[in-house]
Structures are given as structure tokens and as C-alpha cells.
1. Quick one: 3J(HN,Hα) in Hz for segment 49-56, Karplus 6.51/-1.76/1.60 with θ = phi - 60°, rounded, Gly and Pro as x.
2. Under a Cβ-Cβ cut-off of 14 Å, what is the net charge of the residues other than Val116 that fall near it, where Lys and Arg count +1 and Asp and Glu count -1?
3. Please report Thr83, Thr23 as a ranked list, fewest other C-beta atoms within 10 angstrom at the top and most at the bottom.
4. Could you tally the net charge around Ser67, taking each other residue with its Cβ under 15 Å from the Cβ of Ser67, Lys/Arg +1 and Asp/Glu -1?
5. Please compute one quarter of the surface area of the Cα convex hull for segment 7-141 and express it in square nanometres.
6. Could you derive backbone 3J(HN,Hα) for segment 64-70 from the dihedral phi with the Karplus parameters 6.51, -1.76 and 1.60 (θ = phi - 60°), listing whole Hz in sequence and x where the residue is Gly or Pro?
7. Using alpha carbons only, how many angstrom separate the centre of segment 68-88 from the centre of segment 1-66?
8. How far apart, in nm, are the 7 Å Cα→Cβ label points at Ile19 and Glu107?
Amino acid sequence: MQEDPDCVYTVYVRTGSIIKGGTDSIISLTLYDANGYGIRINNLESWGGLMGPEYNYFERGNLDIFSGRGPCLTGPVCAMNLTSDGSGSGHGWYCNYVEVTTTGVHEQCAQQQFTVEQWLATDTSPYELTAIRNYCSSDAKKKQVMDDSDSSLLSVM
């Protein structure tokens, strides 16, 4: 595990073009490597929104881009926990996918796309504000990622 916060994480989020698919809720993202280490981004927009000060994120049909620095994980990102806080009127949000690119000094560039194709809402199936996608290969690590244990987080941003 590296101590230097020298990786750049770029996150692309596609909101579905479904009617009422957009949201004004706060969206958080936790990214994990195959060893179960992770970084939590508590608010994607305030952490690294690149679309401009007056831009309305997570609206129907949008491809939103976020980028920021954080500690390098011990390997490529292979799992994620995408969560809406459910705030605001019309809190429901339909996410098509999340794509993450990681780069760092003396680090191999890595890219992972997570297909979500799910509502994050309490009033629409699957009635969850969280979408977990785990493409890591180890079964033992899959459980650890699903538990979202704070002990394995390198950083909360």
C-alpha cells in the first residue's frame, strides 16, 4: 500500500434517458481494489465536478465527468458502491453506468466500466438507494467489498 496520494481518479457517470431519471440528490461513490482496499468519495459533485459552476449534474441523459486526486489503491479498481442520499424532491435516479479511470506516477493506467442500469430510489424497484457492482475475481474479497467495512478504506474524500 502506498502512502503517497498521487493517483488521479476520473469518473464518468451516465444518467439514463428515462423520464424522471435525473436527480438533485447527493451521490457518493466508494471504489475498491481486489484486496478490499477502497476510497470513499462522499459527494462526487463537490469532490471533482468538471462541468462548470452552473451545471446541473445527474440529469436525464447526462454524461457527467468528475476528477480528483486520492491515495493509490493496491491494484486496479474492480468494485464500487454507488449511493444516493435520497434527498430533494424527485430523489429517484436512473444510472446507466459508471466508468472509472485511474492514473498515477509509476502506476499503470487502469479503466473499469460498471454497468448499473438501475434506479437508485425508494419508490421504484429495486427500492434501494445503493448499487453495488463487484467485478473482482476473489470470492473472499467479494464478501469484504459487499460489507463496505470502513477498516479497509484508505481515504474518505
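Quick note: the coordinates plus some simple rules give every number you see, no bench work behind them. These numbers were taken from a predicted model, which means no experiment stands behind them. Here the Cβ is made from the backbone with ideal geometry for all residues, glycine too, and neighbour counts use every protein chain on show.
1. In residue order, the calculated couplings are x, 10, 8, x, x, 9, 6, 9 Hz.
2. Cβ neighbours under 14 Å give a net charge of -2.
3. Listing Thr83, Thr23 from fewest to most nearby Cβ atoms yields Thr83, Thr23.
4. Value of the local net charge: -3.
5. Values: hull surface 32.2 nm².
If you wrap the Cα atoms of segment 7-141 in a convex hull and average its projections, you get 8.1 nm².
6. Once θ is set to phi - 60°, the couplings for segment 64-70 become 9, 10, 10, 8, x, 9, x Hz.
7. Each part reduced to its Cα centre gives a spacing of 8 Å.
8. 4.3 nm
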